[in-house]
Every structure is written in structure tokens, then in C-alpha cells.
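Structure, as C-alpha cells:
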Amino acid sequence: MNAEYLIKMANQIALNLAYEQDPERRADMVAGHIRKFWEPRMIEALLAVDPAHPDLSPCVVAVLTRL
Amino acid sequence: MIGYFDPKTDRDLGTPASLSTSLITLEIDGEQVQVPEGTSVMRAAALAGINIPKLCATDSLKSFGSCRVCLVEIEGRRGYPASCTTPVSEGMVVRTESPRINKLRKNVMELYISDHPLDCLTCPSNGNCELQDMVGVVGLREVRYGLSVSNHLHLPKDTSNPYFTFDPSKCILCSRCVRACEETQGTFALTINSRGFDSKISAGANESFMDSECVSCGACVQACPTATLSENTVIEFGQAEHSVITTCAYCGVGCSFKAEMKGNQVVNMVPYKDGKANRGHACVKGRFAFGYATHQDRITQPMIRDRIDQPWRTVSWDEAFQFAASRIRQIQAQYGTNSVGAITSSRCTNEETYLVQKLVRAAFGNNNVDTCARVCHSPTGYGLKMTLGESAGTQDFDSVEHTDVVMVIGANPTDAHPVFGSRLKKRLRQGARLIVVDPRQIDLLKGPHYQADHHLQLRPGTNVAFINAMAHTIISEGLEHSDFIAQRCDQAAYQQWLSFISDSRHSPEATEAITGIPATELRAAARLYAQGGNSAIYYGLGVTEHSQGSTMVTGIANLAMLTGNFGRPGVGVNPLRGQNNVQGSCDMGSFPHELPGYRHVSDSSVRQLFEQAWQVSLADQPGLRIPNMFEAAIAGSFKALYCQGEDIAQSDPNTQHVEAALGSLECLIVQDIFLNETAKYAHVLLPGATFLEKNGTFTNAERRIARVRKAMPPLAGKEDWQVTQGLAAALGYTMTYQHPSEIMDEIARLTPSFQGVSYARLDELGSIQWPCNDEHPLGTPVMHEDSFTIGQGQFIPTEFVPTEERVNGRYPLLLTTGRILSQYNVGAQTRRTANVAWHAEDVLELHPHDAEERGINDGDWVGISSRAGQTVLRARVSSRMQPGVVYTTFHHPFSGANVITTDNSDWATNCPEYKVTAVQAEKVTEISKWQERFRHLDSYQRQLLSESQAEA
Ligand code: SF4
Ligand code: SF4
Ligand code: SF4
Ligand code: FES
């Protein structure tokens, strides 16, 4: 699946949970949301993204290791 | 089998019920009668089985006392008081008949008849005329005045309305129509012109009905005791001979109707008095727009084709099922189990929706099922579940009668939920206060005898900043309901939220620059909401269809908890649902991550329950949501889709993207009543049945489960649940339901909130609001009474994150989309009725300032472009819009409104952001490229369809 599409969605989730100020807890919440609502092939495609990808928000980079 | 439901009472008791609890005893014709204080003598007599003659009284309207045919004798009182306007009193002794009373009544009737055309035998109301009945009851035998004196028999008919005719020569000036338009509908379109002999009912200022304010709700037609206001179908077909009680299939109000039938023909639809959602009222769609059911465009036979550029082949049901099933199995063999999925419909019944998700989970073997609620109210499910624990509105519609402050956010009830709109306006006329939060000037803002206290005209896309400012104001001014918060809400969550919301970045002064709402106005509105008594929030798609739809729903729930507005009549959080069964389709497990009853697929104990019942093992990972299905289709990993009763090619955003996705499917199975836009990309076309042709249930916006009853056989031979069952059998998964009641029994067994629901129970109670279980055997009108479903209410911080869809030099305007009264959703049904008289095409509304800047005049062709695409619509210059904001509807496919909407979506649920698109508008002379292609494809696919039908 198109990586840009998934990166945009993941970033958007991270942004909307930004009220959680502890970065660890916030990454957990984002990962939890993704596990709850994303179909496995979407998660796989997100995991295939290079963590150095310039569009990934720092929070989502931390999420990658939690999925 | 057609099941008839026998209504408990359909008698007109003359005047409305009194709500008083203290009882009065009186004597009527020698009988002791006990009734609530405030009851009229007429109603008391009717309750005792005595029908006092009447003409101007009817129990849906306040009594008026003009016809004088209802007079009675009361011991100790002089004269002959009108029984409809005389309230009962303790010990009263009433006589309803005597030679003197009869003589007076005869005189009254004689006067009416002397000015009435005596063509009863050929009159459309023959057999259903109250004037005729009363003449019979009083025994009038001669008319002394004759017809030679001046009369009104020459007055011309008004046939301007496509659905009813006004024949003033038959009018008895009882003013029931005038009062129905005022009291029931709240439009005030009718008046009695001048006085005495020249008096005449007129729409507006002597206009035709069509040119007046009339919204064609039909309340006046229903109230008229004579043939003066008659449905054209009754004039054409005559009086019905039986009726079937059923539920409207248009909007989420879920009005209850009597389908008045003659054999298999619907003569007219009469809103059912005992229907708890509508209390005997209806709108132009449900009451009149049923002609689509017998429209010549209906698909009547299953059809298949190998490729979408081939003509359709008409086949038997069996061949269609085999063809579809073998394609699905081939695709799964080649691309994997997860390469197929389905979309359930919010227009189909609960039972049908349940079966489609069961087919996906049990026969396809995955969770790739979603519903069109994805594109409208999925954020409601998310936000309310996270904060309160249940994905549904908290009240019944009756609740509004106890509301002191109504806050309507991003909803347009007078157009999109008309019957609720009327009930709301009634409450506003009684003095409830109103706050409207909407970028547009909506009709609700001002009506006869009321006016909104505040119109917070925010910029599209700034909802969350607004709701945060409301909460901030309430906190900073100390207006929160501390006891409620302490007793009912989670304290840790509240403290976290409190420190979030107290920050000055949420103050109205700080958010004013974002929302455009003046801080003083917002503060005043917040005070009113917090301190005005029972405050209720009603919201619509203007809340959900945003990139922060879920956040906004959460913010609304926070605000209601903060002010203690939960758990009793008059308060709460009330989503106004778009389509008739949005609530039901969500309840029934249409979401890819949830089994019926909103239970996550990863919960092994829930899975086990269904695995045992369905005799299969179930996938434990969420499936694809609709937008994800499109992405996967384009990426090549999603190849087959079964789409029941939805037109995703027209209703979903970014049409060209959707078309690309549909075009890349190897098997698209469409089940619908018409060749819709989606069907143009289909390989299998399965004819659907309208709500008149099947049994089942719908669940409306107040969680009310109501029966849909079959009034005529399905045109193509199968109800929709039977079609799904046939497809399942061809896939090798057998379902053996004989009747939808058996499907409901299974739902009740497997879903705690439906535990007490059955068809027998629904017949008994009329309708049931879930949860219905041992604790609430009669259902639950008001939720969260003593505690929230989740236990302690959860405050959740709601950070405002501006949408990426922002205006810039290239796209300087914001486009927002909406609905209008006479058309419904993608319009497939309403466009095939006379409702087009009100809305023949979608137009672009824009502010005079924006129009002038671009040299655009009313009626010009305007090209609207966004980064997703371009389309052309006609302009309507209107100051309902703010400068910089333009508006359109998407009821007609050719308009291509969704060609311009983008695939931006809600962060939590992927609900598309229909309400905000950055666009440019300019004057053009020809249609857009997309529209040209659309025209071409449309005529090509229609040709393929007619070729197949010629063959058959
Ligand atoms: S149809 Fe409805 S709006 Fe029109 S005049 Fe009658 S009651 Fe009023
Ligand atoms: S039109 Fe019908 S309801 Fe209205 S005043 Fe005349 S008779 Fe009565
Ligand atoms: S469309 Fe809605 S308001 Fe109108 S009759 Fe049907 S359910 Fe009622
Ligand atoms: S019915 Fe009582 S005055 Fe007309």
C-alpha cells in the first residue's frame, strides 16, 4: 500500500494524541490506536518504511518499534 | 408472507391528551368517567366510547372551538358549551345528546352543506370524509337554503404542488390546516384571508402552494376533514382498503407510517399517530416520495458480465450466485483470503446488515467489512465510546420537550431531519433558548415566534477550537457542575483534562482569531449553555466530517459532562443520523474492527461466542475500512467487493480516486434497486428490494428499533437478506433463515444490548430503544441515568489540530457540503420522484462579495477546482454564506461535487473531511473534463443495460 498515505495517517494520529506529553506513553497510545484500527497489511506497509524517512514524525518513528 | 400488524388505537379522540397526573371524575350520559385534569369533555367522552360530533377538532391539534357541532349540555351551566374547548371538572354532569342539541347541530350542518358541492359520489374523499360522516351522524335530511344563494363553488383549484391538490370549493374553514401548519410543522405558511363570507384559506399572501413558504410536509392534507386538501394519489387511485405499519426508509428520524394499500399498490403514506419518533408527523420525503419503488428504472433481474465494457447478461438468481461465488473463490485462491470484502448499507435493515457482516466473517474468512456510516458518523461511535462507553446518542426525541437550552452544532435539522426539526421548533416557540453553531445561515436560526439567542458562525474546520473555548470559559468562570463531576466522572482523567483546558491558549479571546467567533459572544453562549437549565446538544455531519471529527465528538461529550447534562430527559448528546439505519448498521457489527454490539475482534471470549454460533473460526485482526479498501485496490491487494445498497462511486470523496479503485477490482458485486454509479463498474448486479418489499427492522438516531413490514412482494422475487443468504450458500456457507425474525433472534442471543428484542416484543411495544435486557425490559429512552456505560465518565483532552486543507493563493475559498429537504443523500430515490420540483440540480452557493470579485452572476456556470479535481455547477449568489466560504450539495451524480472533495479524513476513523475543501471558483462556459467523461460513461453503461434487457 502507498507509504505516503500511511505515513500521513500515522502522523495525524500522533498529532491528535499530542496532549500526552510523555513521549513514551504517547508512542504507546499511538501504537495502541494503530493496532486497534489498522488492518495487518497496512501495519506491514508502515513497518516497511525506512525509519529515516523525512516525513515520519519523531513520535511515529518511536511507534515503529512498538508495532 | 405478508404480516399485518394491528394498531392498538387509531381513533381520533378530538383533543390532545393532558399530561396531568391528578384525576377528575365526571358523569357523561350517565356513565362515571375518570380522566386526567385538563382533559376536554370531548376527549373524556371519547375515552368512554362516546363520539361527540366534531369538525374543527382533532387530537393532534389544540382545540379551537369554531364549528359548534360538538356542543353538549352541562348541568348547572347555561347554554350549550363546545365540548372540545370545555375542560372537565369534578362532579360535572354532561349530556351529549338531546332533541335540542340535535336540532342545533342540524342547523350548523345545514349551513355547511348549503355552501358545499354535493358531488359526494365522485369526490376523492368519499368514504373518508368527516363532513359526510357528521351529516350522517346528525341526520340532516333537508337543506332549506338551497344552492342558489351566493357560494364558493366556482373557486379554482390549486394544483401547483406535485403531491396534493387544494380545492377551495370544498373548504369548511375549520382552520385545521392552518393550525397543523403552525403547531405540527411550524412553518406558518397558511392563513385565513379576510373575514365573513369572503374568508378563504390561502398559502402565503395569496400565492400558490408551490410559490409560498410551504415545505410540502403534508400535515395540512392529513388534518383536513374534507376533500379540500387531498393527495393526488388518492384522487387518482381512490381510498385504500388495508394498511401496513412500517418505518420510513429515508432519514435517521425513523418516522412510523401506515402504508395505505390497495392490493399491492401504495395509495398514500400516513404518518402513524402512535409512532414514538414522529408522533403522527412526517416530511415531504417519507410522506410523498415513494414513487421510486415502482419506477421503470428498477433492476428486476440478476445480471452478470465478465468485463465492465461488455453488455450485461440476464441470468437466473442461481447462475448469478454461482458466478459471483466462483469469482470470489478464484480471487481468494490467487490473491489470498484477505483480497475480498464487503460494504453494508445504512439503508438496509438490521437483519440484512447483520447477514452481510456474517457472510464476510464466516464465509470470506476475514474482517473486511465496512459501512457507509464510515463516511458520516464513525467519529460519533469513536468519541462517545471513549468518553461514555456507548456508541450512541443518549436521549429519545421526546426529550426535547424538557430542554431549556438547545445547542445545534453542524446540523441543519429543518432540512435533513425535518420531523425532528418541527418538534424542536415547537419547543423553541414555547420558550427554549437556542444556540446555533454553523458556518452557514441555516433556516432554524429564526422562525415564526422564536429566534436564536446566538449564532456562532465559525470558520469551517475550527470546531475543536470552538468547543475548547466553551469548556475553557465554563472552567474559568466557575460554571462547572462539581457534584456531577465528583460523583460520575473519573477523577484522574478529569484532573489531566482540567490542566489541559485551563491553558489560556483555549480562551475565547485566544481562539477568536482561529474560529472567527467574537469572544464576548462565545462567553455569553457558554454561560447560557452552562446555566440555562436542561441543556442538550444536537449535532450532525458538520461535526463528524472533519479531520478532527472524533476529537470534536469527544469535546462535545466533555462539555456535557462538565455541566452535568446527562442521565435525565431534556439533556444529553444527540447525534442526528443521516440515513435511516446508520445507527443499526453500526450496531450490527459493520465495522471491520468490531463484532455486533461494538466488541473488538481481538477479544477472544467474544470471538468464541460467535465462533460457536456460526461454526467457523474467526479472524482476530481488524479488516480494511472503506478508504483503506480503495487504497489496497489501487495497490493490487484487494480484488473483489460485495456492495449492498450503497453508491460509493457517488457518495465517497475524491471520485476519480474511487473510480480508479473500482476500476481495478476483478469482481464487483452490486446489490441495488437501480443501476447506480457504482454498478457501472460492476460484474454482478443483484436486484435489491425497497423497504416496502421486505420485512426487517431499522434503528433510528434515538436507538429505536422499529419494524419494517412488507407491503408488497419484492419486484425481483427476493428480499435483500435472501440474496445474501443465496450468495453465502453458493460460497459453501449455509444459512437457513426462513424469516428475518429468526435473524433478530440470533442477534438477540449474541448481543447483550439486544437481549430482550424479538419481533413479538416489537409488535407488542411498537418499538424498542436499546439497550433492552433484563434490567431494561421495555428498552432505554435515556441512557447513562445513574452511571455511564463505561462506569466513570472519561474526560479526554482535545487538542486543536488545524486541517491540512488550507486556503492559499491558488485555492482561496473553502467549500463545504450539505443536504436539502426534498432530496435524500445521493438522490437515487428522490430524483426518481416529483421531489425534483424543488431541487432539479445541485448549485454552488457563494457570497455576493466572492461572486462580484469573480464576475459571477446568479445562474452562471462556475468551474470549481480543488487539488483533487474540477467540476462545473451553476452559481447561486447568496448571503447565507460568509465571504470566503462556498457551499454545495451532492444529490445529483452529474454535479460531481465529490470530484472536488479530497481524501483527507478523520484521524481516528478515516471519516472523510467533506466539510472542508480549499477551492477556486471561476466563470466558465462549458462542463468539466470529468463531467464529459461521466456523460460518456453514463450513456455507454445505460446502453449496455438496455441491450441486455432487450435480449431478455
Ligand atoms: S404542506 Fe406542510 S408546510 Fe405546506 S402548507 Fe401544509 S402544513 Fe404547511
Ligand atoms: S382546507 Fe380543509 S382543513 Fe383547511 S380550513 Fe378548509 S376544510 Fe378545514
Ligand atoms: S425522511 Fe425522515 S423526517 Fe421525513 S418522513 Fe422519513 S424519517 Fe421522517
Ligand atoms: S369540534 Fe368543537 S367547536 Fe368544532
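The values are calculated or read from the model by the stated rules, or taken from the named source; none is laboratory data. Fair warning: this is a prediction, and the values are worked out from it, not measured in the lab. All Cβ positions, glycine included, derive from the backbone under ideal geometry; neighbour counts span all protein chains shown. When the accessible area is computed, the model is the full protein with side chains, heavy atoms only, and any ligands, DNA or RNA have been set aside. Shrake-Rupley method; radii C 1.70, N 1.55, O 1.52, S 1.80 Å.
Here B:GLU236 fulfils each of the conditions (1) closer than 29 Å to B:VAL836 by Cβ; (2) in contact (Cβ under 8 Å) with a residue 60 or more places away in the chain; (3) of a type outside the set (Gly, Ala, Ser); (4) out of contact with any strand residue (DSSP E or B) (no Cβ under 8 Å at 6 or more places or on another chain) apart from (2). Within region B:71-92, the residues that satisfy the criterion of being open to solvent by 70 Å² or more (accessible area, probe 1.4 Å) and either acidic (Asp, Glu) or within 16 Å of ligand 1 (Cβ to nearest atom) (or both) are B:GLU75, B:GLU90.
For (1) free of Cβ contacts under 8 Å to residues at least 24 places away in the same chain; (2) touching a Phe, Trp or Tyr at 6+ places or on another chain (Cβ under 7 Å); (3) under 28 Å from B:ASN676 (Cα atoms); (4) open to solvent by 40 Å² or more (accessible area, probe 1.4 Å), each residue gets a yes or a no:
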site: B:ARG831; (1), (2), (3), (4): no, no, yes, yes
site: B:ALA837; (1), (2), (3), (4): no, no, yes, yes
site: B:ALA851; (1), (2), (3), (4): no, no, no, no
site: B:TRP861; (1), (2), (3), (4): no, no, yes, yes
site: B:SER865; (1), (2), (3), (4): no, no, yes, no
site: B:ARG874; (1), (2), (3), (4): no, yes, yes, yes
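B:THR803: modelled with pLDDT under 90, within 14 Å of chain A (Cβ to nearest Cβ) and surrounded by 17 or more Cβ atoms within 10 Å (Cβ to Cβ), yes or no? Taking the combined requirement at face value, the residue satisfies it. So which pairs qualify, if the first residue must be in region B:118-136 and more than 14 Å from chain A (Cβ to nearest Cβ) and outside any helix (DSSP H, G or I), the second must be open to solvent by 70 Å² or more (accessible area, probe 1.4 Å) and away from ligand 2 (no atom under 12 Å from the Cβ), the Cβ gap must be under 6 Å, and the two must be at least 6 apart or on different chains? Cβ pairs passing all conditions: B:PRO124/B:ILE235. Within region B:925-941, residues that are more than 23 Å from B:ASP860 (Cβ to Cβ) sit with their Cβ atoms under 9 Å from residues that are small (Gly, Ala, Ser) and modelled with pLDDT of 80 or more, at 6+ positions apart or across chains, in these pairs: B:GLN941/B:ALA679. Taken as a whole, the condition of being assigned to a loop (DSSP other than H, G, I, E, B), without any contact (Cβ under 8 Å) to a residue 24 or more places away in the chain and either more than 11 Å from ligand 2 (Cβ to nearest atom) or among the aromatic types (Phe, Trp, Tyr) (or both) applies to B:PRO156. The set of residues in region A:33-50 being touching a residue at least 24 places away in the same chain (Cβ under 8 Å) and within 11 Å of chain B (Cβ to nearest Cβ) consists of A:ILE34, A:ARG35, A:ARG41, A:MET42, A:ILE43, A:ALA45. Residues that are within 12 Å of chain B (Cβ to nearest Cβ), within 10 Å of the chain's Cα centre (by Cα), more than 21 Å from B:SER602 (Cα to Cα) and free of Cβ contacts under 8 Å to residues at least 12 places away in the same chain occur at least once in region A:12-24. Residue pairs whose Cβ atoms lie under 7 Å apart, separated by 6 or more positions or on different chains, with the first residue in region B:322-339 and hydroxyl-bearing (Ser, Thr, Tyr) and the second open to solvent by less than 20 Å² (accessible area, probe 1.4 Å), are B:THR337/B:ASN366; B:SER339/B:ILE331; B:SER339/B:PHE638; B:SER339/B:ALA640. Could you grab me the full set of residues in region B:200-226 that are open to solvent by less than 10 Å² (accessible area, probe 1.4 Å) and more than 9 Å from ligand 1 (Cβ to nearest atom)? If the condition is that a residue be open to solvent by less than 10 Å² (accessible area, probe 1.4 Å) and more than 9 Å from ligand 1 (Cβ to nearest atom), then B:ILE201, B:SER202, B:PRO225, B:THR226 are the ones that fit.
Just one of the listed residues (B:SER60, B:SER66) is outside any strand (DSSP E or B), touching a residue at least 40 places away in the same chain (Cβ under 8 Å), more than 14 Å from every other protein chain (Cβ to nearest Cβ) and within 16 Å of ligand 3 (Cβ to nearest atom), namely B:SER60.
When region B:192-204 is filtered for residues that are in contact (Cβ under 8 Å) with a residue 12 or more places away in the chain and either assigned to a loop (DSSP other than H, G, I, E, B) or within 11 Å of ligand 2 (Cβ to nearest atom) (or both), the ones remaining, listed by number, are B:ILE192, B:SER199, B:LYS200, B:ILE201, B:SER202, B:ALA203, B:GLY204. Here B:SER547, B:SER585, B:SER535, B:SER602 are screened, and the one residue that is in contact with a Ser or Thr (Cβ under 8 Å, 6 or more places away or on another chain) and within 14 Å of chain A (Cβ to nearest Cβ) is B:SER547. Residues that are in contact with a Ser or Thr (Cβ under 8 Å, 6 or more places away or on another chain), without any contact (Cβ under 8 Å) to a residue 60 or more places away in the chain and under 20 Å from B:LEU541 (Cβ atoms) are absent from region B:810-817.
If a residue must be more than 8 Å from every other protein chain (Cβ to nearest Cβ) and surrounded by fewer than 18 Cβ atoms within 10 Å (Cβ to Cβ), how many such residues does region A:1-10 contain? Residues in region A:1-10 being more than 8 Å from every other protein chain (Cβ to nearest Cβ) and surrounded by fewer than 18 Cβ atoms within 10 Å (Cβ to Cβ): 3 in total.
As a summary of the residue check, B:ILE517 satisfies the conditions (1) more than 14 Å from chain A (Cβ to nearest Cβ); (2) part of a helix (DSSP H, G or I); (3) closer than 23 Å to B:ALA452 by Cα except for the one numbered (2). There is no residue in region B:907-926 that is modelled with pLDDT of 80 or more, within 30 Å of B:ARG305 (Cβ to Cβ) and in a loop (DSSP other than H, G, I, E, B). Condition test on A:VAL30, is it at pLDDT 90 or above and within 14 Å of chain B (Cβ to nearest Cβ)? The answer is yes for A:VAL30. Scanning region B:299-349 for residues that are within 14 Å of another protein chain (Cβ to nearest Cβ) and open to solvent by 10 Å² or more (accessible area, probe 1.4 Å) turns up B:TYR335, B:GLY336, B:THR337, B:ASN338.
Residues checked against (1) buried (at least 20 other Cβ atoms within 10 Å of the Cβ); (2) over 18 Å from B:MET210 (Cβ atoms); (3) at pLDDT below 90:
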position: B:LEU140; (1), (2), (3): no, yes, yes
position: B:SER150; (1), (2), (3): no, yes, yes
position: B:HIS154; (1), (2), (3): no, yes, yes
position: B:PRO168; (1), (2), (3): no, no, no
position: B:CYS171; (1), (2), (3): yes, yes, no
position: B:SER175; (1), (2), (3): yes, yes, no
position: B:ARG179; (1), (2), (3): yes, yes, no
position: B:THR187; (1), (2), (3): yes, no, no
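Among the residues making up region B:161-189, those that are near ligand 2 (Cβ under 9 Å from one of its atoms) and either over 14 Å from B:THR228 (Cα atoms) or within 14 Å of chain A (Cβ to nearest Cβ) (or both) are B:ARG179, B:ALA180. Does region B:108-117 contain any residue that is among the polar types (S, T, N, Q), modelled with pLDDT of 95 or more and under 30 Å from B:GLN239 (Cβ atoms)? The answer is no; no qualifying residue exists.
Just to be sure before I move on: is B:SER216 away from ligand 3 (no atom under 16 Å from the Cβ) and either within 14 Å of chain A (Cβ to nearest Cβ) or among the polar types (S, T, N, Q) (or both) in the structure I sent? No, not satisfied.
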